Structure formats: C-alpha cells, structure tokens
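K.L.:
Take this structure first; my questions come after.
The values are calculated or read from the model by the stated rules, or taken from the named source; none is laboratory data. Predicted, not measured: the structure shown is a model, and the values here were computed from it. Using ideal geometry, Cβ is built from the backbone for each residue, glycine included, and neighbour counts are taken over all protein chains shown. We work out accessible area using only protein heavy atoms, side chains counted, and drop any ligands, DNA or RNA first. Shrake-Rupley method; radii C 1.70, N 1.55, O 1.52, S 1.80 Å.
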Amino acid sequence: MSRLRTPVGSHDHILGPVDAPVILVEYGDFQCPFCGQAYEEVNKVLASMGDQLRYVFRHFPLTQAHPYALQAAEAAEAADGQGKFWEMHGMLYENQQALDPESLLAYAQKLGLDMERFTREVSEHRYLERIRRDFMGGVRSGVSGTPGFFINGARYQGDFSASSLITVLQGGGIESPSYF
Amino acid sequence: MAFSARQSTAPLPLGTLAPPIRAPVTPDQKVSLEEFRGAPLVLVFYPADWSPVCSDELALFNELMPEFERLGAKVVAISCDGVWCHLAFARARNLHMVLASDFHPKGEISRAYHAYREEDGISERALFVIDAEGKIFWSYVSPVAVNPGADGVLDALERLAEQGTAEDDGGPSLSQREESTEQEARP
C-alpha cells in the first residue's frame, strides 16, 4: 500500500488538534466534482469526530482536465495569506460550478479580504510553487486521481462516504502514524 | 466494465531489448521506437480510450508532462483504439502525450510486451520505462481496473538517471500492490 511520503507539518492546512489520534489527509482539486462530493462527506466526518481527528487538505489540481482548478487553488492560498484558507476552501467547494476569475474575486470580496493584496498575489502566482509542491508530494505518494486520501499515512482507497470514512478512522485496523 | 481477472503472461523480462514499435499516431503519421533512442521512454499501455480509469490515469500522466520533460523522458501511451478515436480522445481531454494505436494488426505491440489481454481483446494497464539504449529498465502491470499512479515511473526514471553515479539504487522500492507485478533491472 502506498504511504504518504510528505509528513504533515507546519506548512499544511490543518483542522483539529495536534494530539488527535487520527490524521486524515486529502489531496483535492477544487474543480473536481468527486472532490465536491467528498467535501460534503468530510464535513460530516469532521462534525462527527470532533477533536478525535486532524484533517489536512493538500492541493492536487489536474489543470489539464480542469481549467479553473489551479486559479482556485491560488485563490485559496491567497486567502490563506490573510488567514482565511478554510473560509475560501468552503466557498470554492460550495460554488464549484463558478470558479472563473470574476467569481473568485467575488468570493474574496465576500470574505472581506484585502482585495488589492489578493489580486496582486493571485496574478503574481505567489503561491504556485507551494501548490506544485503539494501536487508532486501527492504524486510521489501514489495519489493517482482526486480525491486522494491517506489515513495515518496509509493510502485509503475505499469509498469516501462519511460512514465508510468514520468506520476506518475509528480504528478499522489502521496502524498508527509512522512519520512522527 | 467487466474484465476477466486473469493476468496475461509474465511481464517481458527486464534488460531485454524493447520489442520494436511502429504504430500509427495520426491517420498519416507513425511513431517508431527508434525515434526515442538516446533518452528514456515511458510506455503507458492502457485498455481503452474514454473508459473512466484510463482517463484518470492519462489525466495524471498528462499533468506530469513537464516533470517527465525535466527528467528527459518521453511518454507514449498505447491502446488498441484506432487513430480517429485517439484523436477525438486527445482533443476532448487536452492530452499532450503521443497516443499510439495498436489497432492493426490488433494488439500486436501489446502482445510483444506481454501486455495484451487475449480474452478481453484489450491492452493491459501496464507501464514500462525503457532506457536510452532501448532496453527495458522497469515495468509494472496493474490490476486492470486500478489506476497505477505515476510514483513508480518517476522513481524508476530517477534511479535510471542516477544509475551511472550510484552502484545501488538505495531508494524505497515501490510498495507491493495486490495482483500487480513490478520488476526492475539491476545494474
């Protein structure tokens, strides 16, 4: 089974406490419809597991298949620059059908971001390298499509319904993290 | 889509000269293996244009074209679909790699690489890394419904690049996947 080669660290977007017993890492693409479905399921998982779970989101934009995926990822990172990654992450997944540049600006506005800075950082591709690092880390860990999940560092290839995820996250034979 | 579970014959032995390829890529162009001598070549055998897993697999390899270029490698994907089908598929999915057609005589190339499923009439989902001299350096046959990802190919290309300088590859070997077959030539 493939293992996560890039350990979870301070560079990551993380929800949940540092001492949570399980870590769920997702490699996702904002324009991928399956990731949109997974977003709903992961929200249910987060609500159900509370502080028992750490959730990490990493970028895996398939830019040749999804023309807006990269810009959307850049918008999420630019929002992160202003402390609003998860707000933008949610906004993008809840509006997957509209990820064109004007829509991204509208979302930034809605989140109350400094628009001058947001626009500049997105147009300068300030966060492109970081997104690329996420992507390559995923590829080298065996992510073959989106969404790609790892539970405590081990590739999870089951279905991503909240019930399946919760079953496995609650101890369905998954070993403890090997990268701590 | 239901495929028979049986894997075809054992993969082509490593270190052997890759069987010749001369296959149409467009209605009036052919590609041959000799054109790629002098640089590593990644051969991606896949069952069919348009089927969901293949598309995911090719979407990933497509996304990685700059990375393959950085590693000095070329990529050719091969299935038994005809050139017109390949053209429509490549256009619809914005694919940048060469798609070679193993349509006539059907499966001849796939068969030569031991990557043909006789009972299904389609290519296996198999990956080959061929070195600059045209020898098979690494191969991987995936269960037909499983997208193999690109980690194995990238690892192999890096080991191939290091081979001149290092005696042993030292890198982590690709994890064992059920029902899959991976092998690598040792220097």
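K.L.:
Can you tell me how many residues within the range B:142-165 are buried (at least 21 other Cβ atoms within 10 Å of the Cβ) and either within 12 Å of another protein chain (Cβ to nearest Cβ) or over 21 Å from B:Tyr116 (Cα atoms) (or both)?
P.N.:
The initial filter retains those residues of the range B:142-165 that are buried (at least 21 other Cβ atoms within 10 Å of the Cβ), namely B:142, B:144, B:147-150, B:152-153, B:156-157, B:159-160.
From the residues that got through so far, the ones that are either within 12 Å of another protein chain (Cβ to nearest Cβ) or over 21 Å from B:Tyr116 (Cα atoms) (or both) too are B:142, B:147-150, B:152-153, B:156-157, B:159-160.
Within the range B:142-165, residues that are buried (at least 21 other Cβ atoms within 10 Å of the Cβ) and either within 12 Å of another protein chain (Cβ to nearest Cβ) or over 21 Å from B:Tyr116 (Cα atoms) (or both) number 11.
K.L.:
With respect to A:Phe149, determine if the residue is open to solvent by 40 Å² or more (accessible area, probe 1.4 Å) and among the aromatic types (Phe, Trp, Tyr).
P.N.:
No, not satisfied.
K.L.:
Can you tell me which residues in the range B:166-181 are open to solvent by 70 Å² or more (accessible area, probe 1.4 Å) and modelled with pLDDT under 50?
P.N.:
Passing the criteria: B:Glu167, B:Asp168, B:Pro172, B:Ser173, B:Gln176, B:Glu178.
K.L.:
Here's something else I'd like to know. Starting from the range B:105-120, keep only residues that are in contact (Cβ under 8 Å) with a residue 24 or more places away in the chain, then list their pairs with residues that are open to solvent by less than 50 Å² (accessible area, probe 1.4 Å) and among the aromatic types (Phe, Trp, Tyr) whose Cβ atoms are within a distance under 7 Å, requiring at least 6 positions of separation or different chains.
P.N.:
Listed by first residue and then by second, the contacts come to B:Gly107/B:Tyr116; B:Ser110/B:Phe45; B:Ser110/B:Tyr116; B:Tyr113/B:Phe45; B:Tyr113/B:Phe128; B:Ala115/B:Phe45.
K.L.:
Turning to a different aspect of this structure: What residue, of A:Leu111, A:Leu99, A:Leu104, is surrounded by 14 or more Cβ atoms within 10 Å (Cβ to Cβ), in contact with a Phe, Trp or Tyr (Cβ under 7 Å, 6 or more places away or on another chain) and touching a residue at least 24 places away in the same chain (Cβ under 8 Å)?
P.N.:
Unique residue meeting the criteria: A:Leu99.
K.L.:
If I filter the range B:82-94 for residues that are part of a strand (DSSP E or B), in contact (Cβ under 8 Å) with a residue 60 or more places away in the chain and not charged (D, E, K, R), do I get at least one hit?
P.N.:
No, that holds for no residue.
K.L.:
Please tell me if A:Val139 is closer than 29 Å to B:Val53 by Cα, assigned to a loop (DSSP other than H, G, I, E, B) and modelled with pLDDT of 95 or more. Walk me through how you get there before you give the answer.
P.N.:
Numbers: closer than 29 Å to B:Val53 by Cα: yes; assigned to a loop (DSSP other than H, G, I, E, B): no; modelled with pLDDT of 95 or more: yes.
Taking the combined requirement at face value, the residue does not satisfy it.
K.L.:
I need the full set of residues from the range B:47-67 which are within 13 Å of the chain's Cα centre (by Cα), under 17 Å from A:Arg140 (Cβ atoms) and more than 8 Å from chain A (Cβ to nearest Cβ), in order please.
P.N.:
Across the range B:47-67, the qualifying residue is only B:Phe61.
K.L.:
Kindly provide the set of residues from the range A:71-96 that are of a type outside the set (Lys, Arg) and open to solvent by 50 Å² or more (accessible area, probe 1.4 Å), ordered by number.
P.N.:
Result: A:Gln71, A:Asp80, A:Gly83, A:Trp86, A:Glu87, A:Glu94.
K.L.:
Can you run down the residue pairs with Cβ atoms below 6 Å, 6 or more apart or on separate chains, where the first is in the range B:55-76 and free of Cβ contacts under 8 Å to residues at least 60 places away in the same chain and the partner is outside any helix (DSSP H, G or I) and open to solvent by 40 Å² or more (accessible area, probe 1.4 Å)?
P.N.:
B:Ala59/A:Ala65; B:Asn62/A:Gln64; B:Asn62/B:His96; B:Glu63/A:Gln64; B:Met65/B:His96; B:Val76/B:Val98
K.L.:
Identify all residues within the range A:142-160 that are more than 11 Å from chain B (Cβ to nearest Cβ) and either modelled with pLDDT under 95 or out of contact with any Asp or Glu (no Cβ under 6 Å at 6 or more places or on another chain) (or both); write none if there are none.
P.N.:
Selection gives A:Phe150, A:Ile151, A:Asn152, A:Gly153, A:Tyr156, A:Gly158, A:Asp159, A:Phe160.
K.L.:
Only one of these conditions is not met by B:Phe137: (1) crowded, with 23+ Cβ neighbours inside 10 Å; (2) in a helix (DSSP H, G or I). Which number is it?
P.N.:
It is condition (2) that B:Phe137 fails.
K.L.:
Next question. Which condition breaks for A:Val56 when tested against (1) under 26 Å from A:Met115 (Cα atoms); (2) outside any loop (DSSP other than H, G, I, E, B); (3) without any contact (Cβ under 8 Å) to a residue 60 or more places away in the chain?
P.N.:
Looking at each condition in turn, A:Val56 falls short on (1).
K.L.:
Quick check on the range B:112-125. Is at least one of its residues touching a Leu at 6+ places or on another chain (Cβ under 9 Å), open to solvent by less than 10 Å² (accessible area, probe 1.4 Å) and either in a helix (DSSP H, G or I) or under 25 Å from A:Leu62 (Cβ atoms) (or both)?
P.N.:
As a first pass, look at the range B:112-125 and keep what is touching a Leu at 6+ places or on another chain (Cβ under 9 Å): B:112-115.
Restricting the remaining residues to those that are open to solvent by less than 10 Å² (accessible area, probe 1.4 Å) gives B:113, B:115.
Next, from what is left, pick out any that are either in a helix (DSSP H, G or I) or under 25 Å from A:Leu62 (Cβ atoms) (or both): none.
Taking every residue of the range B:112-125 in turn, none turns out to be touching a Leu at 6+ places or on another chain (Cβ under 9 Å), open to solvent by less than 10 Å² (accessible area, probe 1.4 Å) and either in a helix (DSSP H, G or I) or under 25 Å from A:Leu62 (Cβ atoms) (or both).
K.L.:
Give the residues of the range B:1-40 that are under 24 Å from B:Phe89 (Cβ atoms), open to solvent by less than 50 Å² (accessible area, probe 1.4 Å), at pLDDT 75 or above and not hydrophobic (A, V, I, L, M, F, W, C), sorted by residue number.
P.N.:
If the condition is that a residue be under 24 Å from B:Phe89 (Cβ atoms), open to solvent by less than 50 Å² (accessible area, probe 1.4 Å), at pLDDT 75 or above and not hydrophobic (A, V, I, L, M, F, W, C), then B:Pro24, B:Thr26, B:Ser32 are the ones that fit.
K.L.:
Any idea which of (1) modelled with pLDDT of 95 or more; (2) in contact with a strand residue (DSSP E or B) (Cβ under 6 Å, 6 or more places away or on another chain) is the one B:Glu63 doesn't satisfy?
P.N.:
(2)
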